[in-house]
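Report on the structure given below.
The values are calculated or read from the model by the stated rules, or taken from the named source; none is laboratory data. All figures in this text were calculated on a predicted structure; none of them were measured in a lab. Ideal geometry is used to build each Cβ from the backbone, glycine not excepted, and the neighbour counts take in all protein chains shown. The area values use the complete protein model at the heavy-atom level, side chains included, leaving out ligands, DNA and RNA. Shrake-Rupley method; radii C 1.70, N 1.55, O 1.52, S 1.80 Å.
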Amino acid sequence: MTVKENILVPGLAGIPAAESAVSYIDGQAGVLEYRGIPIEALAEHSTFEEVAWLLLNGRLPTQAELDEFEAKLIANRTLPQGVLDTIASLPGDGHPMAALQVGYAALGMHSPDVNALDPGQRQEAIARLIAATPTLVAAFARSRAGMDFVAPDPTLSTAANFLWMLNGEKPEDLVGRVLDVALILHADHTMNASTFTARVVASTESDPYSVCASAIGSLKGPLHGGANERVLIQLEKIGSVDAVEGWLDQQISAKGKIMGFGHRVYKTKDPRSTNLQLLAREMFETFGSTPMYDIALKLEDAVVARLGQKGIYPNVDFFSGIVYQKMGIPTDVFTPIFAIARVAGWLSHWDEQMNDNRLFRPGQIFTGTHGARYVPISER
Ligand code: COA
């Protein structure tokens, strides 16, 4: 294949980096599908565990297949003591995403080596990593607060068990289900930055712990998964419904980004945001509203009125933070929750990449000089 030289597409926007059958987005129409199934149907009828199986295997599981997968996840929720000790040794004022990165590396060191070219070994590692992620996140959240680790409860779903391990209390059914749906909505999203990162690392035939740890570094950034945390900080800064218009005026004239809005692919409302807004409404109707929710609704109207014609609408991060805050989850644990879900997507892409791998090695457009003289340090 010949490559056109001297044409750079910044951020590789719209340039295919792989062939993939895992998920599909139509950014103009606001469509997201996992393995062909619209996200709305999965949010209404499915569970995170079933969606993870779907992403990994390309079709919905039978009851027996789902039972087997769930049992495997439950068995892998318990971490080796050495991993828990590593998590407990981390500084409590560090970011939980950094702790998760450490956790993945530690888990890899306490687990059998994985031959990335062996599909059977990949499946075992995938279950281990999906199951371990919520335990790693909850273990750090508790250890930094000086609280004992809460052992996983095998009777609970991934979502409800995470809340149990985080808070030491079983969540209300509605709260567990809302988090379950949030995990479904975040599980995959085509060639986003962290998935691209995962595939690049995968292409070196590195191990899946490194694949996930690298993807965490990518997800952490404020232009990607880190935005949900910043949405809440932004709403707190605005402070009241009456202050929304004035704050937005200032932000637009300063050419500042409004967190939770805009998307590289969606030029209409992100369908995940629509689903999360429904969940938020249900949570607030059941458990009472918060000022943040009211400010968020006003901000959505104001931003869409001012910037909608530029294709700037709420993205998935806009409502997720408000929902998690209502669940009592600390702000800096929002992005790790994104990771609890997205690890299923990363590993589906890892498996797909390994089935037809070629090492990523893009080109560049050289903008430097040639033949420069080495100047001895005494002459500089
Ligand atoms: N607030 C204000 N203006 C925004 C904006 C936002 N959130 N997102 C995009 N824009 C503006 C840009 O300033 C640019 O304006 P210009 O044409 O006058 O220069 C125009 O819309 C196109 O934006 P661009 O940054 O090229 O879009 P992108 O597709 O590269 O960016 C994001 C996508 C996600 C990086 C961007 O929308 C953003 O930073 N959003 C906030 C962070 C966020 O919520 N991230 C989570 C994504 S799921």
Review point. So which residues in the stretch 51-69 are open to solvent by less than 30 Å² (accessible area, probe 1.4 Å) and either out of contact with any strand residue (DSSP E or B) (no Cβ under 7 Å at 6 or more places or on another chain) or not hydrophobic (A, V, I, L, M, F, W, C) (or both), if there are any at all?
Key: 52, 53, 56, 61, 66, 69
Review point. Looking at the stretch 235-255, is at least one residue open to solvent by 50 Å² or more (accessible area, probe 1.4 Å) and closer than 30 Å to residue 102 by Cβ?
Key: yes
Check your understanding: If you go through the stretch 257-274 one residue at a time, how many are open to solvent by less than 30 Å² (accessible area, probe 1.4 Å) and within 11 Å of the ligand (Cβ to nearest atom)?
Key -> 8
Revision key, fill the gap. Every listed condition ((1) out of contact with any Cys (no Cβ under 8 Å at 6 or more places or on another chain); (2) more than 13 Å from the ligand (Cβ to nearest atom)) holds for residue 198 save (1)
Practice item. Could you run through the stretch 10-45 and say how many residues are farther than 18 Å from residue 273 by Cβ and not in a loop (DSSP other than H, G, I, E, B)? Key: 5
Review point. In the set 292, 283, 354, which member is in contact with a Lys or Arg (Cβ under 7 Å, 6 or more places away or on another chain), more than 13 Å from residue 182 (Cβ to Cβ), of a type outside the set (Gly, Ala, Ser) and touching a residue at least 40 places away in the same chain (Cβ under 8 Å)?
Key: 354
Exercise for review: Please state which one of 253, 348 is at pLDDT 90 or above and more than 16 Å from the ligand (Cβ to nearest atom).
Suggested key: 348
Review point. Which of the residues spanning the stretch 110-145 are without any contact (Cβ under 8 Å) to a residue 40 or more places away in the chain and closer than 24 Å to residue 335 by Cβ?
Key: 138, 142
Review point. Only one residue in 272, 264, 281 is touching a strand residue (DSSP E or B) at 6+ places or on another chain (Cβ under 9 Å) and either modelled with pLDDT of 90 or more or not assigned by TED's automatic domain parsing to the domain that holds residue 32 (or both), so which one is that?
Key: 272
Review point. Can you name the residue in the stretch 275-312 that is within 19 Å of residue 27 (Cα to Cα) and open to solvent by 60 Å² or more (accessible area, probe 1.4 Å) and, of all such residues, is farthest from the ligand (Cβ to nearest atom)?
Key: 309
Check your understanding: Does at least one position in the stretch 148-162 carry a residue that is closer than 19 Å to residue 327 by Cα, in a helix (DSSP H, G or I), open to solvent by 20 Å² or more (accessible area, probe 1.4 Å) and not acidic (Asp, Glu)?
Key -> no
